[in-house]
Amino acid sequence: MKGKTLALRLLQLALIVLVTWGIVRALAPDLARVSWQDFKAFDPSVTRLVLATLLLIGFYLLHAQLWRTITQTLSQTTFDWRSALHIYLVSGLGRYIPGKLWQVAGMALLAQRAGVSAVAATAAAMVAQLAFITTGLIYLAIVLPAWGGAAPIMVALFGVLLAAIGYRARHWGALKIKKLRPAVEMLDRVRARDALQWWLAYGMSWIILGAAFVLFTSGFVPLDLLEQRHVAGTVAAAYLGGLL
């Protein structure tokens, strides 16, 4: 047991090093352009920075709770809030490690260790991603109408339509491909009202994220109403760009 514990701790340490390296590598080009004189030119508002931080924490807590709710619906099991936070936030660090599968693999592994279905946890993450991206596109079209006109809304609606068609055709697909049956059984547990509530909640999370970034930015430089809208749209565009 001690050997397994030591190996687990070494693996955790290696992941911390990898995550840190990934973050530094991503930020290094931008940080290299910043000088001490740049910091001295600002007189930040501590109140706004604290509020922005609290809103950002609320954003991630909301996402963790939504993922937990979706996972519980798909798996028809319950697990505590603390486990959900650990699984969701720790696996989320995998996005900073080079490679595309670390976050998904980490979520599946951590969920399984917590007694949660790895399949349901991963499926819930995919449902959450769809809801977050589609609502984000609509949010972006509203706050930055000049960015792409109605195109983001059309793309979002097309994505929702494809998901709806797939949902309606799930039993036909299960008849053709037997391996789809477990997934179809999970989807049968989702009610339209639940899906709508998740979708609206993810839309609300975009407003929280935009408000947090506006508060953070205005803590350093004054912003008028139009600039606040553009700042809120900028963080949405950057976030969506990273996800896509």
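The values are calculated or read from the model by the stated rules, or taken from the named source; none is laboratory data. Quick caveat, the model's predicted, so the values are computed rather than measured. Please note: Cβ atoms are built from the backbone with ideal geometry, for glycine as well, and neighbour counts cover all protein chains shown. Each accessible area value is taken on the protein alone, full model and side chains, heavy atoms only, with ligands, DNA and RNA left out. Shrake-Rupley method; radii C 1.70, N 1.55, O 1.52, S 1.80 Å.
Counting just the residues of region 54-67 that are of a type outside the set (A, V, I, L, M, F, W, C) and touching a residue at least 24 places away in the same chain (Cβ under 8 Å), which one comes out farthest from Tyr88 (Cα to Cα)? Checked region 54-67; the qualifying residue farthest from Tyr88 (Cα to Cα) is Gly58. Only one of the numbered conditions (1) open to solvent by less than 70 Å² (accessible area, probe 1.4 Å); (2) at pLDDT below 80 is not met by Ile165, and that is (1).
Among the residues of region 126-142, are any free of Cβ contacts under 8 Å to residues at least 60 places away in the same chain and not in a helix (DSSP H, G or I)? No: zero hits. Please tell me if Val24 is at pLDDT below 75, surrounded by 10 or more Cβ atoms within 10 Å (Cβ to Cβ) and either over 29 Å from Trp199 (Cα atoms) or aliphatic (A, V, I, L, M) (or both). Taking the combined requirement at face value, the residue satisfies it. Among the residues of region 196-207, those that are open to solvent by 40 Å² or more (accessible area, probe 1.4 Å) and of a type in the set (A, V, I, L, M, F, W, C) comprise Leu196, Trp199, Leu200, Met204, Ile207. With the structure loaded, tell me whether Phe79 is touching a residue at least 12 places away in the same chain (Cβ under 8 Å) and either open to solvent by 30 Å² or more (accessible area, probe 1.4 Å) or under 12 Å from the mean Cα position of the chain (by Cα) (or both) or whether it fails that test. No; evaluated as a whole, the condition is false for this residue.
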